[in-house]
Amino acid sequence: MLRTILAVLYVTVYLLFSMLLEPVIWLIGRRSPEKRDYFIMNWVKHGFRCIGAISGIRVTAKGRENIPTDRAVVFAANHRGFFDVIASYPLMLRPTGFLAKIEFARIPLLRFWMKNIHCLFLDRKDTKQGLETILAAIEKVKSGRSVFLFPEGTRSRTEGEFLPFHSGSFKIAIRAGAPVIPVTIVGAGAILDDHMPKIRPGHIIIDFGEPIETAGMKPAERGKLPEQVRERIMARYREEVKQL
């Protein structure tokens, strides 16, 4: 439990201290919104790396050369636990927001930083709000900010089990004409979710697949995109799990 206690204490202090940076963020943003985005991104990356170090996780990243550096993309990953985000975000190359559940928006300090890295909150029970969120995500991608999403919609409770990929989230990439990067995450559930609330050290593999271009896709191809991404992730998972 010691790692859990230390991680909770660190997150609490980090979030409280981060509020002191708000004037700095405002000043940087007045001069350059782009520099503001990168300042915030690097600050949050640092926080996640510290949480990872306290938790004793080792992250192996593969395929980062597949991530375009000159344009925004949509990352689509399998979802096993809280450490999916903690391990993935420090690997981002440009400002990237997550498509998150609406419940996270109800945590004040966390909401502040999530909004600052351009996260969007999705209420799957409210169709109108869900559509507005998808449209907002499309505009973010068009403006040059990447979006990281979990098409399963919720965490899979069993390692190696993949829930169906919802098609709605892929509209972000299709409508924005952005490539989809399949992201395979292996081992994240074993850190916390399989034995909450205890954090245990572990090894997480994150594999970034080759981009799937959506610009110019035919309607039939668009309809197959969710399953295409899911199959790619499942295939990579079977290969990567052997290395844990």
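Check every one of the helices (runs of 4 or more DSSP H) wholly within region 1-68 and list those with 1 or more residues that are under 16 Å from L91 (Cβ atoms) and not aromatic (F, W, Y).
In region 1-68, the matching helices (runs of 4 or more DSSP H) lie at 33-55.
Just give me the residues in region 217-244 being within 19 Å of A61 (Cα to Cα), surrounded by fewer than 18 Cβ atoms within 10 Å (Cβ to Cβ) and aliphatic (A, V, I, L, M), in sequence order.
Passing the criteria: M234, A235, V241, L244.
Sort through A76, A100 and tell me the only one that's modelled with pLDDT of 85 or more and within 19 Å of T214 (Cβ to Cβ).
A76
Within region 180-189, can one find any residue that is touching a helix residue (DSSP H, G or I) at 6+ places or on another chain (Cβ under 8 Å) and surrounded by fewer than 19 Cβ atoms within 10 Å (Cβ to Cβ)?
Looking for residues that are touching a helix residue (DSSP H, G or I) at 6+ places or on another chain (Cβ under 8 Å) and surrounded by fewer than 19 Cβ atoms within 10 Å (Cβ to Cβ), one finds none in region 180-189, hence no.
Out of L131, L110, which single residue is of a type outside the set (K, R) and in contact (Cβ under 8 Å) with a residue 24 or more places away in the chain?
L110
Take the residues of region 93-112 that are out of contact with any helix residue (DSSP H, G or I) (no Cβ under 7 Å at 6 or more places or on another chain) and assigned to a loop (DSSP other than H, G, I, E, B): which is nearest to V183 (Cα to Cα)?
That would be L93.
Which members of region 8-63 meet the condition of being basic (K, R) and surrounded by fewer than 14 Cβ atoms within 10 Å (Cβ to Cβ)?
R30, R31, K35, R58
The values are calculated or read from the model by the stated rules, or taken from the named source; none is laboratory data. What you see is a predicted model; the values in this text were computed from it and never measured. Because the Cβ atoms are built from the backbone with ideal geometry, glycine has one as well, and the counts that use them run over all protein chains shown.
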